[in-house]
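The numbers here are math on the coordinates, done by the rules we state, and not lab data. A quick note: this is a predicted structure, and the numbers were derived from the prediction, not measured. For neighbour counting, all protein chains shown are included, and Cβ atoms are generated from backbone atoms with ideal geometry for every residue, glycine included.
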Amino acid sequence: MKLKPLKLEDVPQFYTASIIKGKFLLNSDKHKLILIESLQYLVKENRVIIYGYVIMDNHIHIVWKPTKLYSLKHTQLSFMKFTAQRLKRELQNNNSIYLNDFKVEAKDRKYQFWKRNPLCVDLLNEKIIQQKLNYIHQNPVKAQICNNPEDYRFSSARFYSELGDEFNILTDFRKG
């Protein structure tokens, strides 16, 4: 089977954002759902098409591509800013002592949750997209959170195993 290269404007991206200092800020479902809510908003507003994701305790991997309405850079910044603000509010309301772990000495902010300069890699063909999806779906298995990728709630593995899309954010890259 011959793989056709994607047009540059249609190239999905593998995106990884990590919590500073490797802290397990995302170990609660409540915090993971903040990220899901942001992804739902981005999809609903037609800012991005999401092909896959996994939310781990201290990082997130996403395979996504921008729509014609927004650049991927703008979408990434919106995602990072919104989720940081919501995580901060959640910690202020329910775990203010833990919030101190995220204090920074910066001119533009008092707290920082995400490491600067997330990893962004263009995925130039369907084979590479599938490799990245396999990689992210194996994250919870490698972390010994579950035995099978599709058993992990905060991942697109269930979707690609035809078990559904609980959060209604995914598009199958093979059909898009």
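Within a straight-line Cα-Cα reach of under 15 Å, Lys32 can be paired with the following aspartates and glutamates, leaving aside sequence neighbours fewer than 8 residues apart in one chain: Asp57, Glu90, Glu166. Between the alpha-carbon centres of segment 85-134 and segment 8-52 there is a gap of 9 Å. From the largest down, the chain spans 55, 37, 26 angstrom on the principal axes of its Cα atoms. Structure note, pairs Lys68/Lys103; Lys68/Lys88; Lys21/Lys142: Cα-Cα distances above 25 angstrom occur for Lys68/Lys103; Lys68/Lys88.
Listed by Cβ neighbour count within 10 Å, with the fewest neighbours leading, Lys32, Lys107 appear as Lys107, Lys32.
Of all stretches in the chain that contain no GluC sites (Glu not before Pro) in a DSSP loop with at most 13 other Cβ atoms within 10 Å, the longest one is 46-104. Ordered by the count of other Cβ atoms within 10 Å of each Cβ, fewest first, Asp108, Asp172 give Asp108, Asp172.
For trypsin sites (Lys or Arg not before Pro), the sites in segment 34-86 that DSSP calls loop and that have at most 13 other Cβ atoms within 10 Å are Lys68.
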